[in-house]
Amino acid sequence: MGFWENIDGAGSRINVYDQMKKSILPLYIYGAGNLAENILKKLNEYGIKLEGCITDSGEEKFGNYKVYKYDDFINSREENFCNLLIGFASAYERKQILRKERVFNQVFVIANPFDHHVHFDYGFVKDHREQLEEAYDLLADKYSKQCFCAFINARIWENSDYVQKIFLGEIDEFNNDVITTEADEVFLDVGAYNGGSIKRFLKSNNGRYKKIIGIEPEDINFKNLEMFCYKNNICADLYKIGCWNKKDRLFFNGSDDKCCRLDKNGEDCIEVDTIDNIVSADVAVSMFNLGISTAELEILEGAQRTIEKNLPKILVFMGSAKEELYTIPQYVKELNESYQIYLRFIQAMPSRIFMYAVPVLK
C-alpha cells in the first residue's frame with residue numbers, strides 16, 4: 001500500500017483530559033522527570049487534580065506530591081480503585097501491559113503533551129497530500145514509511161496506539177540500525193541544553209570523539225553546559241547563541257528551560273546566526289545533531305555550506321511543526337542526493353520521532 005492507503009481518515013479523537021476530569025477516582029502520574037513536569041502543567045491548566053506520583057525506585061522528588069515506589073504501590077492495593085497517567089516516555093511502550101494487569105481502573109496516555117508541537121487534523125493531511133506523498137517516497141526503507149504514517153495518524157487523532165502498533169523497541173538515538181558513531185566523530189550539537197545529548201553521544205560512542213561543538217542560547221542552560229563539560233573533562237567548543245538562516249535578533253521563549261525555543265510570542269530576544277558563520281569552515285563536522293523544538297528547516301538552511309562540504313550524518317528531532325514532515329526531508333535531499341532518509345521512533349511515543357539523513361559515500 002502507498003501513503004494515502006495508510007492514512008486513517010475515519011478514526012476518532014478522544015479527549016483524554018475530559019476523561020480524566022470526569023473520573024471520580026484518584027489519579028496518579030507514573031514518572032517524575034521532564035515529561036511528567038510538563039504533563040503536570042497541562043493537568044493544572046485543565047483543573048485536573050493529581051493525587052500522587054509513582055516511580056520505579058520511589059526515590060525521586062516531584063513537587064509537593066508524595067512519591068511511591070511502583071512495586072510497593074501495587075502490592076498494597078487489592079482493588080483497582082485509582083487511575084494512572086503515564087508520565088515518562090519509556091512507559092508508553094508498557095501501556096497495554098499496565099492495562100492488562102488491571103491494577104489501575106484506567107491507564108491514560110497523552111499522545112502530544114507539548115503545546116509547541118503543533119496539532120493538525122485530517123484536513124491538513126488531505127490538503128497537503130501531494131507534498132506528504134513526495135516525502136513518503138523519499139524515505140529509504142519500509143519501516144521509515146510505517147513510522148511516517150503512524151506519526152501522522154497519531155497526531156491527527158491524538159492517539160499513541162498508532163505508534164505502539166508499529167514500534168519495534170527502544171533504540172539508541174546515535175547507534176542503531178541506520179546510523180553508527182565512529183571514533184573520530186566531530187559532533188555538532190545544536191540546542192545542547194545542559195549537556196544531556198553530548199552525554200548520551202559519548203555513552204553511545206564509548207567516550208570517543210575528535211571534537212565536540214555545543215550551541216545553546218539560554219543563559220542558565222549554557223552555564224550548566226559549561227559546568228557539565230568542565231566536570232567531565234570534555235574538550236568542547238561552546239557557543240552561547242541561537243541558530244537561524246541569517247544573522248539576526250529574534251524573539252525567544254526561555255520560560256521553560258527544558259523546551260526553550262525561538263518563539264515570535266516570546267518575551268526575550270536573543271542573537272542568532274547561521275551555523276556556517278558560527279562553526280569555522282575548516283572544521284569537518286561528521287555528525288550534526290539538531291535536537292530542538294522549532295526552526296529546524298531554517299537552521300538547516302543556515303548550515304548549507306557545512307552540510308554540502310562535509311556530508312555529515314544528520315539527526316533531526318522531528319514533530320514540532322506539521323510542514324517539516326515534508327520540507328526537511330526534501331531540503332536535505334536537495335543539498336545532496338546521496339543522503340538516505342530514515343525515520344525512527346526512539347521510544348513508543350509520537351513526539352519521540354527522529355529523522356536520520358545518512359550519506360552514501362562512494
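The values are calculated or read from the model by the stated rules, or taken from the named source; none is laboratory data. Please read these numbers as outputs of a predicted model, since none were measured by experiment. We place every Cβ from the backbone using ideal geometry, glycine too, and count neighbours over all the protein chains shown. Keep in mind that these areas ignore ligands, DNA and RNA; they rest on the heavy atoms of the full protein, side chains included. Shrake-Rupley method; radii C 1.70, N 1.55, O 1.52, S 1.80 Å.
Brief remarks follow.
- Counted by Cβ distance under 12 Å from D56, the other residues give a net charge of -2, where Lys and Arg count +1 and Asp and Glu count -1.
- Charge dipole magnitude, Cβ of K and R +1, D and E -1 - the chain, Cα centre, debye nearest 20: 760 debye
- (1) 1.22; (2) 0.97; (3) 1.02, with the label sought being that of the calculated Cα Rg over 2.2 N^0.38 Å: (3)
- In this Cβ point-charge picture (+1 for Lys and Arg, -1 for Asp and Glu), the range 158-248 has a dipole of about 380 debye about its Cα centre.
- The residues of the range 285-347 expose on average 29 square angstrom of accessible surface per residue, using a 1.4 Å probe on protein heavy atoms.
- Heavy-atom accessible surface of the range 285-346: percent carbon and sulfur, 1.4 Å: 46 percent
- With a threshold of 20 Å on the Cα-Cα distance, the over-threshold entries among K203/K309; K142/K199; K22/K66; K145/K165; K199/K309 are K203/K309; K142/K199; K22/K66; K199/K309.
- Relative counts (whole %) of C-alpha pair distances in the range 1-117, using bins that are 5 Å wide: 2, 10, 21, 23, 19, 11, 5, 4, 3, 1, 0
- Helix 324-335 axis, angle to the chain major axis (alpha carbon atoms, nearest 10°): 20 degrees
- Positive-end residue, the chain charge dipole about Cα centroid, Cβ charges, pick of V16, C269, Q330: V16
- If you take all other residues with their beta carbon under 11 Å from the beta carbon of K309, and give Lys and Arg +1 and Asp and Glu -1, the sum is -2.
- For peptides 133-139, 289-295, 232-238, 9-15, sequence by mean Cβ density within 10 Å, most packed first: 289-295, 133-139, 232-238, 9-15
- Overall Cα dimensions of the range 198-357 - principal axes, largest extent first, Å: 40, 38, 37
- Rounded tilt (10° steps) of 34-46 against the dominant C-alpha axis of the chain: 60 degrees
- Solvent-accessible surface (1.4 angstrom probe) belonging to H117, in square angstrom, nearest 10: 10 Å²
- With Cα atoms, 0 to 90° folded angle of helix 129-138 axis to the chain main axis: 70 degrees
- Integer Hz, Karplus 6.51/-1.76/1.60 couplings in order for the range 226-233, x for Gly and Pro: 4, 5, 4, 5, 5, 5, 9, 6
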